[in-house]
Amino acid sequence: MEPWSLVAEHPNTGEPFGIVMQDDSTLAEAEYIARQLLSTFNLTGLYVPASAKHERHGHYLFTFIIHPEKISRLGSIWAESLHDAGLRLTVLSTEATLFMPASG
């Protein structure tokens, strides 16, 4: 199973960030899932803390829907706060690049 990812640059820092998906999608399937994720994401407000020093830094959970079957999926994105998670997902929805390792 090879991962694929969606990446962009953070508008405030210029640093790259992204979402990694671990599945066995073909390039066409990854493109379809990425489009669905970026057009239907909904932050849940829940997160898994990733730092004892910065209590809001963590993996923020979001849902997205794969149409036409309306399959609901759960994903996460690392962020400094809920607001930052929303910003990151919004930036990905307009500027993301899909990276997928070449199968060989």
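Can you name the residue in the stretch 22-35 that is buried (at least 17 other Cβ atoms within 10 Å of the Cβ) and under 12 Å from the mean Cα position of the chain (by Cα) and is also farthest from Lys70 (Cα to Cα) among such residues?
Among those residues, the one meeting the criterion is Ala34.
Any idea which of (1) of a type in the set (S, T, N, Q); (2) in contact with a Ser or Thr (Cβ under 8 Å, 6 or more places away or on another chain); (3) surrounded by fewer than 11 Cβ atoms within 10 Å (Cβ to Cβ) is the one Ser39 doesn't satisfy?
(3)
If Met21 meets every condition in (1) modelled with pLDDT of 95 or more; (2) of a type outside the set (Phe, Trp, Tyr); (3) part of a strand (DSSP E or B) apart from one, which number is that one?
The failed condition is (1).
Name the single residue that is modelled with the lowest pLDDT among those in the stretch 34-52 being outside any helix (DSSP H, G or I) and hydrophobic (A, V, I, L, M, F, W, C).
Looking at residues that are outside any helix (DSSP H, G or I) and hydrophobic (A, V, I, L, M, F, W, C), I get Ala52.
Kindly check whether there is at least one residue in the stretch 66-74 that is crowded, with 16+ Cβ neighbours inside 10 Å and on the phi < 0 side of the Ramachandran plot.
So far as the stretch 66-74 goes, no, none of its residues is crowded, with 16+ Cβ neighbours inside 10 Å and on the phi < 0 side of the Ramachandran plot.
Could you figure out which of (1) at pLDDT below 95; (2) touching a Phe, Trp or Tyr at 6+ places or on another chain (Cβ under 7 Å); (3) of a type in the set (Ser, Thr, Tyr) isn't true of Thr13?
Of the numbered conditions (1) at pLDDT below 95; (2) touching a Phe, Trp or Tyr at 6+ places or on another chain (Cβ under 7 Å); (3) of a type in the set (Ser, Thr, Tyr), the odd one out for Thr13 is (2).
Tally the residues that are surrounded by fewer than 16 Cβ atoms within 10 Å (Cβ to Cβ) and either over 12 Å from the mean Cα position of the chain (by Cα) or at pLDDT below 90 (or both), restricting the search to the stretch 53-64.
Residues that pass the stated criteria total 3.
So, of the residues in the stretch 75-104 that are surrounded by 15 or more Cβ atoms within 10 Å (Cβ to Cβ) and acidic (Asp, Glu), which turns out to be nearest to Ala34 (Cα to Cα)?
Among those that are surrounded by 15 or more Cβ atoms within 10 Å (Cβ to Cβ) and acidic (Asp, Glu), it is Asp84.
For Ala28, state whether it is assigned to a loop (DSSP other than H, G, I, E, B), without any contact (Cβ under 8 Å) to a residue 24 or more places away in the chain and among the aliphatic types (A, V, I, L, M).
no
Between residues in the stretch 53-64 that are in a loop (DSSP other than H, G, I, E, B) and residues that are modelled with pLDDT under 95, which pairs lie under 6 Å by C-beta distance while being six or more apart or on different chains?
Close Cβ pairs (under 6 Å, with a partner that is modelled with pLDDT under 95) amount to His57/Ala50; His57/Ser51.
The values are calculated or read from the model by the stated rules, or taken from the named source; none is laboratory data. Here the structure is a predicted model, which is why all the values come from computation and not from measurement. Using ideal geometry, Cβ is built from the backbone for each residue, glycine included, and neighbour counts are taken over all protein chains shown.
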